[in-house]
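Engineer: Structure below; questions to follow.
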Amino acid sequence: MAAFTRSEKNYEREVQLLQVVIAHGPGWQRAYAAVVNTYRPYLFQRCVRHLRNAADAEDVLQEVFLNAYRFANRYQGRASLKTWLTTIANNQCNTFLRRRQRQTSVQHLLAEIDIDEAACAASAAQAEEQRLIVAKAMIKVSPTAREVLSLRYWLELPLEEIAQTLGIGLCATKMRLYRAHQQCYAAVESECYPA
């Protein structure tokens, strides 16, 4: 019988560790800890390079290992465990960046309609007045504009999902969102500075 190569031994060990974790057999916590301890330094560095922030990378890394535990039964062994975990890490980093981009988009919209941070930190009465202005502006925009703005900023859907929900192409979605912004700005302006 031919001797196993080092990569074959590693592969068999990785598969055995995951099988113990999946089965929750004796020592499954040790097996899971071995996976975490083996790949944590590599994945942490990868996340830091992707996110350019150690604290964010630490948060994302927790999600990576949580998902690896949660979906360990989906590991099919077509790639090494390191590759599988790297894929999970890349997906988690991209999800984190999309969430941050959506938050930035919402903040940008608020800035564009003249609701700055000082106004947001103002008293509850001022904050309520601002919500009323936005609500009145949303009533004034067309139903199409209201729909795309709601999907983007209240449901926080990415553009691809908005396009799918509306049954239109991505370019059409971007144009519809641009036009909705224009309508919203005009409506806010008419609320704040009536003629």
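The values are calculated or read from the model by the stated rules, or taken from the named source; none is laboratory data. Predicted model, so just to flag it, every value in this text is computed and none were measured. Glycine gets a Cβ as well: all are built from the backbone with ideal geometry, and neighbour counts include every protein chain shown.
Engineer: Can you confirm whether region 20-38 contains a residue that is modelled with pLDDT of 80 or more, of a type in the set (Phe, Trp, Tyr) and under 21 Å from Leu97 (Cβ atoms)?
Structural biologist: no
Engineer: Then there's this: What residue, of Tyr69, Tyr39, is surrounded by fewer than 19 Cβ atoms within 10 Å (Cβ to Cβ) and of a type in the set (Ser, Thr, Tyr)?
Structural biologist: Tyr69
Engineer: What pairs can you find where one residue is in region 78-97 and under 10 Å from Glu63 (Cβ atoms), the other is among the charged types (D, E, K, R) and in a helix (DSSP H, G or I), and their Cβ atoms are less than 6 Å apart, with a gap of 6+ or different chains?
Structural biologist: Listed pairs, sorted by first residue: Ala89/Arg46; Gln92/Glu63.
Engineer: Additional query: Among the residues of region 130-181, how many are touching a residue at least 24 places away in the same chain (Cβ under 8 Å) and acidic (Asp, Glu)?
Structural biologist: Number of matching residues: 1.
Engineer: Restricting attention to region 144-158, which residues are in a helix (DSSP H, G or I) and of a type in the set (D, E, K, R)?
Structural biologist: Those that are in a helix (DSSP H, G or I) and of a type in the set (D, E, K, R): Arg146, Glu147, Arg152.
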